[in-house]
Every structure is written in structure tokens, then in C-alpha cells.
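Enquirer: Here's a structure for you.
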Amino acid sequence: MFRPTRIILKQLRHLSFQGRKSWRYSSSASSARERALSYEVGQQIHGFTVKEVTAVPDLCLTAVKLTHDSTGAQYLHVARDDSNNLFSVQFRTTPLDSTGFPHILEHTVLCGSRRFPCRDPFFKMLNRSLSTYMNACTASDYTMYPFSTQNSKDFQNLLSVYLDAVFFPCLRELDFWQEGWRLENENPTDPETPLVFKGVVFNEMKGAFSDSEQVYAQQLQNKLYPDHTYGVVSGGEPLAIPDLTWEELRRFHATHYHPSNARFFTYGDLPLERHLQQIQEEALSKFERIEPQTAVPSQTHWDTPKDDHVTCGPDALAPDPAKQNTLCVSYLLGDITDTFEAFTLNLLSSLMVSGPNSPFYKALIEPKIGSDFSSVVGYDGNTKEASFTIGLQGMAEADIENVKQIISHTIDQIIAHGFEDERIEALLHKLEIQMKHQSTSFGLTLASYIASCWNHDGDPVQLLKISDSVARFRQSLQDDPRYLQEKVRRYFKENTHRLTLSMSPEDSYYETQAQAEQQKLQQKIQALSDSDRKHIYQKGLELLSAQSGPQDVSCLPALKVSDVEPSVLPTPVEMSSAGGVPVQYCEQPTNGMVYFRAMCSLNSLPEDLKEYIPLFCNVITKLGCAGLDYRQQSQQMELKTGACLFPQRSSPILHTWTCMNRGSSSHRPVWRGIWRTCSTCGVTYSTVLTLMIRSACVFW
């Protein structure tokens, strides 16, 4: 059934594309990157001053840093020959309680603004725009509003809507009631029905806190960083949300959603001057500089490690009810604004936990002590000071002490023996692939990548110079062969700011949560007067009327037919064949990457075997091949390819891989081995297959 793919494997080596013109990003003076290089430090443009202009050849871009003269707003423009232009504005939002300021504010600013007072203008823009992305997100310490589009006029329209939403929102009390929380009759039209808590964010966070993995992740962060904003729930703790008032929310917006606390990011091939002019005229010119006082101080380091325990609700679908415990050890690391140290620790984390060759995979996963790594395992650079966490979920309570000992012993082993050179090279190769990969959402990826570091006044341009970090990393290894081992000693073995957190299910967990909510509700109700109850009923009717009534969207901008290009540029595809099998070849500016897809028909496969196709796709690249066991195969795949995937589907089988153009032939032995000599016997195979089936069953 795999004959077409075998023919391609055999014949592709004879299919030559040499002599064809290579695609490159334009080096002409009209390219976006070249235009950006013409800016000079100190140059003033529409109220902004250029602070830095940097070319980043590896990412095919030019970065321009600016500062707004009047407000101090920071601005980063990434000029790149990509028509999918992106804008984002982010604010440092650092609450000191768990009432959900940032999360509720994110929702309410999207409910109408000064120029666009209709309800939900974001959703109304979906059918008035050609946007490729529109969203908003709340992190632990910042809130971001990004959009992207390929149309120049659409970019201006969306920019107007976004600027007005974040800087001049209506913030009506009804919006707060709808999006945050409110007391309302169970049936809003019947004042005799009991009062209950309602609200979009309130219900959203109730759902989040019913998920044991989210409960654990939140508790881990709160307990590892107890001193400041990371010690509270930025999204809102359900029982604390009803303590937030509308007036407090408005004050939070005034201090946090101010240009002096803002970071603007634009990406793509549209002219920077036009962006700056629109942002200045429609928003920033109406503000003066303030001191927002939103900086996050460093966490005070502990003198001794700490242990703690939390509970969660039992999982009725757990394969083994006795194995629902989670245990992790989390370490506080360095400040993420030290970009090279953060880069090194991120690589170190991958060496320790990623893939079957990693020490912690061998020590914790292969013995089958738990169902999998905990969802929080690995390096986390989303807080001012990073952390590293290692541990298991789906384990028995009796194994907790054993897991602690295994973690400690594995760290000692890493310090003693280090990592194989080939593993380090495989990881650096994987990083280079990720750096060069050109996705349709590359701008959004960059915005998300720099957000946390930039939020704490780190240098976003330095983050983009990944090749510099790789070169410095290689030099550090050359200067000191024990460089990584000493990092493990410093940050893990000798680190006293270490939290060991266990979590176990409690049968009465959900009942206790419901009782606590009911108690909170009764406290609110008992404080009400008769006039308060009448006011609540009237507000409920008013909100119901506003939600169900028609909306005038004529104030919103919309594209005209004349704003849209009448034709779409065709993508040139060249047809050829290899061994009688059709092959399509498409030259594109892929930044030195090769992308391949092969499709295999399964028409001849018996019906009773087709149900196993998704499982086959899940395990085929994890079993070993061509004389390699599954660990060796994994390492060779990381050394030779960027990805070798079989997406899970019913039929046909799709095989995709990526690699660097300079090594486009080195992947073939691995690829050929997967199809021809897959290892399907022996103890190792059985062990790995069991683990894969267990993992796959989670998604079935």
C-alpha cells in the first residue's frame, strides 16, 4: 500500500532542479527592509524619535525602535517583505489582588468606544474586514491586542477601531455587569426568582478552576512568586471577582491603559510613517506623560526550599482512580531581560526534558510511574524571573517520595556526566529550523515572542538576534566543556528558591467550591436593601434589552470593493514526475528551508484496519528504524530534519517533513528507514508502543 512513496524515495534523487532561479527576499531599494534602513537615529517622525535601526539578516527583517516624545510610549517596527501586516499594543497590567482587573478590562474595552459606540465592535468588524487575525489576550502581567491583515485600507480601519477601543472605551456599567460579574435574578424577567451570580468572566473562571491542570499551574505560580503580582490570579479568582466594583475598574484603566504604559508593535511591508501618523493623530496626541508605577519587583529569594500541597476535583474518567496525583519541583531562575542567560536556560531545559533521549524522560516517563509529564514541565519565561519545573501527573500517592528522589538523583547525574555533543547539535539545529521557518503568522509569532521580555523593559531587538546567542553559546561550550553542568549546579542543585508542590484529588472538592460560592452569594444578598433589589431587577431588564436589541453598526469602518485588489497573484507551480508519480514543485522565498508533502492512498487497505490509521500515524516515527532504536531515530530526525510528521487522519496518509536546503539529501536515510525498515518487534518496541497508545487514547 506504500508503493507510491517508495518510488518517490528511490527516484527523487534523480529529480534535479538545479539551474533554476533561486528565490530571495528583494534586495532592491524598494523593499520594506531596505526602506527601514534609511531611518537615522535621532530622526523625528510624527511625534516619535528613532532610537535604533538594526538589520537582522537571519530573519530577513529590519527592526526600528522609537519612543513617543510626549508620553514615552515605546514602539518597535519590524520591516519585512511580508504582506500579512500586523499591529499590536500591549499594556503592563499588574494587579495586586485576584478580583480579575486585567481580564475583565480586556473584555469590557471591546464593548464599544467613543468613536464606535456599538456593542461588540470587534465581532461586528469580522464581516466588514479582510483580517487574517483579530484577538485580545491577558497574561499574568500584560494585556495584548493584536490584529493582522493583508489589505492596506483594512489595516487603517482596524487600527482606528483598536486604538479607540483601548484608549477611549465606553466602559459602561452595563458592560461591566455583562462581562465581569453581577447579581441578577435567575430569570431576569421575574423578580421573584432567586438572585445568582452571573457574568462572562465570572463563569469563564469558574470553568478554569474546575480543570485540575489549570488549578495546579495557577497554584504553582502563586506559591513560587508570592510577593507581588504573580501571587494573585490575574484572570480573576471566582470568589474574589464579586469584590470588584465598576469604579475600581475605571481607575485601573486610567492608570494602566495609558500610552506611558504602552508598547506598540507593527510588522510587515506597509510604510512606518503612515502607522505613526495615524497613532499620533487618533490617540497619543490626546495624552500627556504619567508615571504608571506598574513595574514588577524581583521576587525575594528564599533561604530554604519549601514544600506545599493543594487539592483538586477527582477525574471521573481517570483510567486508574488511584493514580490522580501530581508532583512537581519548581525552581526560580534568572531575570528574563538577561537575554543570553534566558536563551541558555531555555536550551538547557530542552536538553533535560525534551524527547526520549533526555535524562528526565528516561528517569520519569519510561518507568511508567505516572501517565505523563505534568503540563507545567519545562522552562517558563512568561514572568519577570523565569522558572523551570519538572514532575509527573497521573501517579499514585505512594510514589511521591520516590519521584522526589529520582528528580534529585537525575540532577546529580546531569552534573556528573553532562550531555552528548550530538544532542546539543540536534537541539541547535532544531532551533535554527524554527528561526528560519516562514509561517503565514510570522508577525504574530514575533509579537508573542518578545512580549514578556519587552514588558519588563528588556531589549526586544536583542531577542531577535538569535544567531548571536547561538554563536555565544557555542563559544561558551568551547571555553568551558562543563558550562552546562555548572548551570545545572547553580540553578538546580544549589538553588534554595525551590518549591515542591503536590496535588491530590479530594472527593468533596466541587461540593466545597459550591458551598463557598453560595456563602459569598448570601453575604452579598444580606447586604441588600429593598431599593437595591429593585435596582438589580431594573438593571437586569436593561441589560437584557440591550443584549437583544438591534445594533447600529453604521459608525464602523468597512472596506469597499475599490479597496480590494481585483485579482489574486497566482502561485507558480511546476509539474514533474518521479518514477511515474506526479510531483509538484513550487519555488518560494522560504529563507533556506525545504518543505515536502507526500500523500499515500489507502484504497486497498481492508476496512477492518482503517480504524488503526490514526494510531499508526501517531507511532510510526517513534519506533526506531534502519538499525536505529527509537532514541537514536529521534536524535537523527532532530539532526537532519525540522519536522517529520504524519498528521493523524483517516485516509489518505499524509507525510510531511522540513529541512534546511543545505542538507536536503541528508534526511533520506531516516525517511527511507521509516517506510522500509520500521522496528516492530522486541521489548523496546512494545514499551514505546504501550506509551504511545496510552498517550493517543487521551485524544480519541
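The values are calculated or read from the model by the stated rules, or taken from the named source; none is laboratory data. It should be emphasised that the depicted structure is a prediction, and the values quoted were computed from it without experimental measurement. Here the Cβ positions follow ideal geometry from the backbone for every residue, glycine too, while neighbour counts run over all protein chains shown. Ligands, DNA and RNA are excluded from the accessible area calculation, which covers all protein heavy atoms including side chains. Shrake-Rupley method; radii C 1.70, N 1.55, O 1.52, S 1.80 Å.
Enquirer: Go through (1) more than 23 Å from His228 (Cβ to Cβ); (2) open to solvent by 10 Å² or more (accessible area, probe 1.4 Å); (3) not in a strand (DSSP E or B) one by one and return the number of the condition Thr337 breaks.
Expert: Tallying (1) more than 23 Å from His228 (Cβ to Cβ); (2) open to solvent by 10 Å² or more (accessible area, probe 1.4 Å); (3) not in a strand (DSSP E or B), Thr337 fails exactly one: (1).
Enquirer: Also, I was wondering about something else. Working only within the stretch 531-564, note down all residues that are exposed (fewer than 10 other Cβ atoms within 10 Å of the Cβ), over 30 Å from Lys153 (Cα atoms) and either touching a strand residue (DSSP E or B) at 6+ places or on another chain (Cβ under 8 Å) or modelled with pLDDT under 95 (or both).
Expert: Residues satisfying the conditions are Ser548, Gly549.
Enquirer: Which of the residues that make up the stretch 283-300 are assigned to a loop (DSSP other than H, G, I, E, B), touching a residue at least 40 places away in the same chain (Cβ under 8 Å) and within 30 Å of the chain's Cα centre (by Cα)?
Expert: Ala283, Pro292, Thr294, Ala295, Val296, Pro297, Ser298, Gln299, Thr300 - these are the residues of the stretch 283-300 that are assigned to a loop (DSSP other than H, G, I, E, B), touching a residue at least 40 places away in the same chain (Cβ under 8 Å) and within 30 Å of the chain's Cα centre (by Cα).
Here's the yes/no breakdown for (1) of a type in the set (Ser, Thr, Tyr); (2) in contact with a strand residue (DSSP E or B) (Cβ under 8 Å, 6 or more places away or on another chain); (3) surrounded by fewer than 16 Cβ atoms within 10 Å (Cβ to Cβ); (4) modelled with pLDDT under 95:
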| residue | (1), (2), (3), (4) |
| --- | --- |
| Leu351 | no, no, no, no |
| Glu366 | no, no, yes, yes |
| Ala386 | no, yes, no, no |
| Asn402 | no, no, yes, no |
| His409 | no, no, yes, no |
| Ser439 | yes, no, yes, yes |
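Enquirer: Within the stretch 515-529, identify whether any single residue is under 28 Å from the mean Cα position of the chain (by Cα), outside any strand (DSSP E or B) and crowded, with 16+ Cβ neighbours inside 10 Å, and answer yes or no.
Expert: No, there is no match, as no residue in the stretch 515-529 is under 28 Å from the mean Cα position of the chain (by Cα), outside any strand (DSSP E or B) and crowded, with 16+ Cβ neighbours inside 10 Å.
Enquirer: It is to be established whether one or more residues within the stretch 474-494 are closer than 20 Å to Asn382 by Cα, of a type in the set (A, V, I, L, M, F, W, C) and at pLDDT below 95. Can you show your working first?
Expert: Quick first cut of the stretch 474-494, residues closer than 20 Å to Asn382 by Cα only: 491-492.
Still in the running and of a type in the set (A, V, I, L, M, F, W, C): 492.
In the following step, the residues that additionally are at pLDDT below 95 were identified as none.
No: the stretch 474-494 contains no residue that is closer than 20 Å to Asn382 by Cα, of a type in the set (A, V, I, L, M, F, W, C) and at pLDDT below 95.
Enquirer: Shifting gears a bit: Looking at the stretch 226-239, is at least one residue in a helix (DSSP H, G or I) and touching a residue at least 24 places away in the same chain (Cβ under 8 Å)?
Expert: Yes, because at least one residue in the stretch 226-239 is in a helix (DSSP H, G or I) and touching a residue at least 24 places away in the same chain (Cβ under 8 Å).
Enquirer: Now for a different question. Name the residue that is nearest to Leu654 (Cα to Cα), counting only residues in the stretch 600-620 that are surrounded by 11 or more Cβ atoms within 10 Å (Cβ to Cβ) and touching a residue at least 60 places away in the same chain (Cβ under 8 Å).
Expert: Once the filter is applied, the top-ranked residue is Cys600.
Enquirer: Mind listing whichever residues of the stretch 419-435 are open to solvent by 30 Å² or more (accessible area, probe 1.4 Å) and among the basic types (Lys, Arg)?
Expert: Selection gives Lys430 alone.
Enquirer: Test Tyr75 against the criterion of being assigned to a strand (DSSP E or B), farther than 18 Å from Ala262 by Cα and touching a strand residue (DSSP E or B) at 6+ places or on another chain (Cβ under 8 Å), and give yes or no.
Expert: Spelling it out, it is not the case that Tyr75 is assigned to a strand (DSSP E or B), farther than 18 Å from Ala262 by Cα and touching a strand residue (DSSP E or B) at 6+ places or on another chain (Cβ under 8 Å).
Enquirer: Let me ask another. Only one residue in Glu494, Glu486, Glu511, Glu506 is open to solvent by 30 Å² or more (accessible area, probe 1.4 Å) and closer than 19 Å to Glu385 by Cα. Which one? Before the answer, list the steps.
Expert: Numbers: Glu486 fails: closer than 19 Å to Glu385 by Cα; Glu511 fails: closer than 19 Å to Glu385 by Cα; Glu506 fails: closer than 19 Å to Glu385 by Cα.
Unique residue meeting the criteria: Glu494.
Enquirer: On the basis of being part of a loop (DSSP other than H, G, I, E, B) and under 29 Å from His228 (Cα atoms), does Ser375 make the cut?
Expert: yes
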